[in-house]
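**Student:** Structure below; questions to follow.
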Amino acid sequence: MDAFGDLFRGVRAQGSLFGSSTLSAPWSLLFVDGAPLTLCTVLEGAGWIVPQGHPPEHLAAGDTVVVRGPAPFSFVDEIGTGAEPIECGEHCATPEQGGTRHRLGWHDPGPASHSDGATTLVVGAYPVRGEIGRRLLDALPDVLRVAPGGTAGAVGDLLAAEVAVDAPGQQVVLDRLLDWMLVCALREWFDRPDGEAPAWYAAHRDPVVGHALRLLHAEPAAPWTVSSLAERTGVSRATLAKRFADLVGETPQTNHTRWRMN
């Protein structure tokens, strides 16, 4: 498995929280569940994600934003909206509102879905910190935005379709779709020219350092040394050591130890 794939090892949503709503301005949704990661996708319309302590992020149709918790954040029609905030959180879901499909204050698409300027939002959150590893959280900014298109957009369409129905096994399907959406969104964001991918993510494309990283991650119990890695990657010990440090930002031994601990 490559280093990026290893980042998601153990990431598995269980009982993920979902909400879906079509909103007519003005609106203000305040997310207070403290989830370690929340994914928001705008299907139609537009709005603003307002994270606590960070600049607002505009979202248009097809955009997806990943917000790192546990600080609360808002989704509003306009900055400075006069709408009364509606709190959406882990303990708001009620059976009469459809369980996983809606939270308190969220509603089925009604007249708003046919009005000009209506916005449809789908939100999925990992409610338990143990489902998201510290190494993954440390690799992410507090807020990242993925533009429309690509595989993340296709998975978002599947999420929207599943949230809109009430069928046996729905929670299981939503959990797996949330995992899939997260992987696709982060892969697209890391690959952007202006993305802030961790150093090791760019390094995995290097023919020498990438090979060394795959060896370390595939065989963490092996007694790796710089010499043995250099031999397997076909370069000198000095070349590997310098190239690894330049691209990854740490020595092969430090990386090996860190991966063993993880």
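**Student:** Enumerate the whole-percent occupancy of each 5 Å bin, from 0 to the last occupied one, for all C-alpha pair distances of segment 142-195.
**Tutor:** With 5 Å bins starting at 0, P(r) equals 4, 19, 27, 20, 14, 9, 5, 2, 0.
**Student:** What net charge do the residues around ALA147 carry, taking every other residue with its C-beta under 11 Å from that of ALA147, with Lys and Arg at +1 and Asp and Glu at -1?
**Tutor:** It works out to a net charge of 0.
**Student:** Given axes a ≥ b ≥ c from the Cα gyration tensor, I'd like to know whether segment 122-262 is rounded (a/c under 1.5), prolate (a/b larger than b/c) or oblate. Don't jump to the answer; show the numbers that get you there.
**Tutor:** Values: a/c = 2.85, a/b = 2.18, b/c = 1.31.
Cα axes put segment 122-262 in the prolate bin.
**Student:** Considering only protein heavy atoms, what per residue accessible area in square angstrom results for segment 29-83 with a 1.4 angstrom probe?
**Tutor:** About 36 Å² of surface per residue is accessible.
**Student:** Take the solvent-accessible surface of the protein heavy atoms, probe 1.4 Å, and return the percent of it on segment 117-262 that carbon and sulfur atoms account for.
**Tutor:** 57 percent
**Student:** Moving to a separate point now. Considering only protein heavy atoms, what per residue accessible area in square angstrom results for segment 153-247 with a 1.4 angstrom probe?
**Tutor:** Heavy-atom SASA per residue in segment 153-247 reads 49 Å².
**Student:** How large a share of the accessible area of segment 27-92, in percent, is made up of carbon and sulfur atoms when the probe is 1.4 Å and the other protein chains stay in place?
**Tutor:** Carbon and sulfur atoms account for 53 percent of the accessible area of segment 27-92.
**Student:** Per-residue counts of other Cβ atoms within 10 Å, averaged by peptide: what ranking do you get for 209-221, 139-151, highest first?
**Tutor:** Values: 209-221: 18.2, 139-151: 16.2.
Output ranking for 209-221, 139-151: 209-221, 139-151.
**Student:** So, one more: Distance between the C-alpha centers of segment 210-262 and segment 19-63? Whole Å please.
**Tutor:** Each part reduced to its Cα centre gives a spacing of 41 Å.
**Student:** What is the Å³ per residue value for the convex hull set by the Cα atoms of segment 215-254? All intermediate terms of the calculation are to be shown ahead of the outcome.
**Tutor:** Numbers: hull volume 2.5 nm³, N = 40.
Per-residue hull volume (Cα only) is 63 Å³.
The values are calculated or read from the model by the stated rules, or taken from the named source; none is laboratory data. Remember, predicted model here, so these are calculated numbers, not experimental data. Every residue, glycine as well, gets a Cβ built from its backbone with ideal geometry; the counts of neighbours run over all protein chains shown. For accessibility, only protein heavy atoms count, side chains too; no ligands or nucleic acids. Shrake-Rupley method; radii C 1.70, N 1.55, O 1.52, S 1.80 Å.
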